[in-house]
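Derivation of every value follows stated rules applied to the coordinates shown; laboratory data play no part. Since this is a predicted model, take the numbers as computed values, not measurements. Note that we place each Cβ from the backbone using ideal geometry, even for glycine, and neighbour counts take in every protein chain shown.
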Amino acid sequence: MADALTIVFPPGSAPDDAALIETALSELSVVESAQPIQARFDPASVALFVKLAGSVLGVVGTAVPIIQKIVATIRGKGVKGVVIEFSNGGKLSIDQASAADIERLIRAARV
């Protein structure tokens, strides 16, 4: 079973931002698919469901570079205020995320 995560855009984000990131993430070899989703609690919110290519988040050595690629892709498109939400409830703010933050989050998820 492939791992997945959710990319959540800040309130007021344009759907075009999500479309830009969706296209960019879909081009990464580590991403199987990226699709827009609507949250039931806020139909105006903008988010993407990202299915990764395989079960890759369970191993820190594999997960950290993959999340770094996703973070770099989003930052490279100039979109601010984005948060990655992991299936275990962990959240990573793209704007402030460092490699150490990513590693800490992945390690905590394995416990």
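The table that follows gives values for the structure above.
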read-out: The chain: angle of helix 60-76 to the longest principal axis, Cα-based, in degrees nearest 10; value: 30
read-out: Length released on extending from VAL56 to ALA99, taking residue separation times 0.36 nm less the Cα-Cα span; value: 13.8 nm
read-out: 3J(HN,Hα) from dihedral phi, segment 10-27, Karplus parametrisation 6.51/-1.76/1.60, rounded to Hz, x for glycine, proline; value: x, x, x, 5, 7, x, 4, 4, 5, 5, 4, 5, 4, 5, 5, 5, 5, 7
read-out: Where labels lie 7 Å past Cα in the beta-carbon direction, separation of ASP16 and ALA2 in nm; value: 2.9
read-out: MRE, 222 nm, helices only [DSSP H, n ≥ 4, -39500 (n - 2.57), over the chain, to nearest 500]; value: -12000 deg cm²/dmol
read-out: Relative contact order (%) - the chain, alpha-carbon pairs under 8 angstrom, separation at least six; value: 31
read-out: Residue-wise HN-Hα coupling along segment 33-38, computed from phi with Karplus coefficients 6.51, -1.76, 1.60 (Hz; x: Gly, Pro); value: 7, 9, 9, x, 9, 10
read-out: Cα gyration tensor, segment 60-99 - rounded (a/c under 1.5), prolate or oblate; value: oblate
read-out: Dimensionless Rg over Rh [the chain; C-alpha; Kirkwood]; value: 0.93
